[in-house]
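Engineer: Structure below; questions to follow.
The values are calculated or read from the model by the stated rules, or taken from the named source; none is laboratory data. Model, not experiment: these values are computed from the prediction. Here the Cβ is made from the backbone with ideal geometry for all residues, glycine too, and neighbour counts use every protein chain on show. Note: areas computed on protein heavy atoms with side chains; ligands, DNA, RNA excluded. Shrake-Rupley method; radii C 1.70, N 1.55, O 1.52, S 1.80 Å.
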Amino acid sequence: MILAEVVRSGFVESVHHGSVVVVDAAGEVKDSGGDVTSPMFPRSSNKPLQTVGMLRAGLRPREAADLALISGSHLGEPFHVHRAREILAAAGLTEQALGCPPAMPAAAAEHEAVLRAGGCPERIFMNCSGKHAGMVATCVVNGWPVESYREPGHPLQVALAETVAGLVGEPIAATGVDGCGAPVFAFSLTALARCFLRLVEAEPGSMERRVADAMRAYPELVHGTGGDDTLLMAGSPGLLAKGGAEGVQAVAIPGVGAVAFKISDGAPRARMPLLRSALRRLGVDAPVPEVPVLGGGEPVGEVRAAW
């Protein structure tokens, strides 16, 4: 169904289809649009669940902030890169152990700084390097092979798959290769929303709650300066947010409910307007960033929710 419209000079220029689900504080579906029961790849919205799996498998983070980076999709700012290297060093590893592809920092200023310094793409700059650092550190704790840690049959990935299936309450419908090269697990949007609610409602000190609390305490490590997830969590105490590639977003608020959606064409510009509309159905008015439509460098319209 149509979830968002692109309006230019008062004229609907484009539309974005997709699926969205809103669950209440009890995890019951309050509202939905599109197909919210068929499996889809949550992409990086999987990360907090995988981090819980790493903790269950024995990962010993130095501090809560490490869990935020491991659960995040960072912009490659210096504080992201520094912490990823520290996670690796604590495990006796270097960035050569990372299996994610080399990349440039996603933050424009850092991208330019690397170029000015004569630098080039590196694995540590890749937005999933925190997750991968956590994965290889978990392998070291268990004495598992590090070189093959991305393979679905590796003990690490088997353990993570079991954890994710348990957290979402559904069998994993498919296992794919994420953009970073690690496995990504498919399940429904409804399961994703309920699982995020489970994270924020978990008992204090539990592994689920440790991950949720770390992300909310250090939102800049989850995304980065000016990032959507950073702004959402920093501006709404208690809110947990994690976006994913191809138009995925999951948000939960303890005692209130949760939202999960997938934009069919993967367009990121439709995410924030749809999120604003979905949260309002829970009675929440969060500081969701606006998405202007420009003409001649000036705002001439908007991307707005159609649901």
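Engineer: For the chain, what does the convex hull of the Cα positions come to per residue, in cubic angstrom?
Structural biologist: So the per-residue hull volume is 121 Å³.
Engineer: Moving to a separate point now. Whole-Hz ³J(HN,Hα) for each residue in region 273-285, computed from phi via Karplus 6.51 cos²θ - 1.76 cosθ + 1.60 with θ = phi - 60°, x for glycine and proline: what do you get?
Structural biologist: Each residue of region 273-285 in turn: x, 5, 4, 4, 5, 5, 5, 5, 6, 9, x, 10, 10 Hz.
Engineer: Identify which of 130, 99, 143 has the largest mean-square fluctuation in a Gaussian network model of the chain, with springs joining Cα atoms closer than 10 Å.
Structural biologist: 143
Engineer: Counting only GluC sites (Glu not before Pro) that sit in a DSSP loop (anything but H, G, I, E, B) with at most 14 other Cβ atoms within 10 Å, what is the longest stretch of the chain containing none of them?
Structural biologist: 148-289
Engineer: Same structure, new question: Return the distance in nm (one decimal) between the two label points of a simple spin-label model at residue 281 and residue 120, each offset 7 Å from Cα along Cα→Cβ.
Structural biologist: It works out to 4.9 nm between the two label points.
Engineer: Shifting gears a bit: Given a Förster distance of 25 angstrom, what is the FRET efficiency for residue 298 paired with residue 177, based on the Cβ-Cβ distance and rounded to 0.05?
Structural biologist: 0.05
Engineer: Write down the accessible area per residue of the chain in Å², having rolled a 1.4 Å probe over the full set of protein chains.
Structural biologist: 39
Engineer: List the relative contact order of region 60-112 as a percent without decimals, with contacts defined as Cα pairs under 8 Å and 6+ residues apart.
Structural biologist: Relative contact order of region 60-112: 39 percent.
Engineer: Could I ask something else about it? Run down the lysines and flag those whose C-alpha is under 21 Å from the C-alpha of residue 262, throwing out any fewer than 8 positions away in its chain.
Structural biologist: Counting by Cα, and skipping residues close in sequence, residue 262 has these lysines nearby: 30, 47, 242.
Engineer: How far apart, in nm, are two points set 7 Å out from the Cα along the Cα-to-Cβ line at residue 158 and at residue 112?
Structural biologist: 5.0
Engineer: Rounded to the nearest 20 Debye, what is the dipole magnitude of the chain about its Cα centre when Lys and Arg each give +1 and Asp and Glu each give -1 at the C-beta?
Structural biologist: 300
Engineer: Over the chain, what is the relative contact order in percent, taking alpha-carbon pairs closer than 8 angstrom and at least six residues apart?
Structural biologist: 26
Engineer: When the chain is fully extended, how far beyond the present Cα-Cα distance does residue 8 get from residue 56, taking 0.36 nm per residue of separation?
Structural biologist: Contour length minus Cα-Cα distance gives 12.4 nm.
Engineer: Next question. Ignoring ligands, DNA and RNA, please state the percent of accessible area on region 200-279 from carbon and sulfur, probe 1.4 Å.
Structural biologist: Here carbon and sulfur together make up 53 percent of the probe-accessible area.
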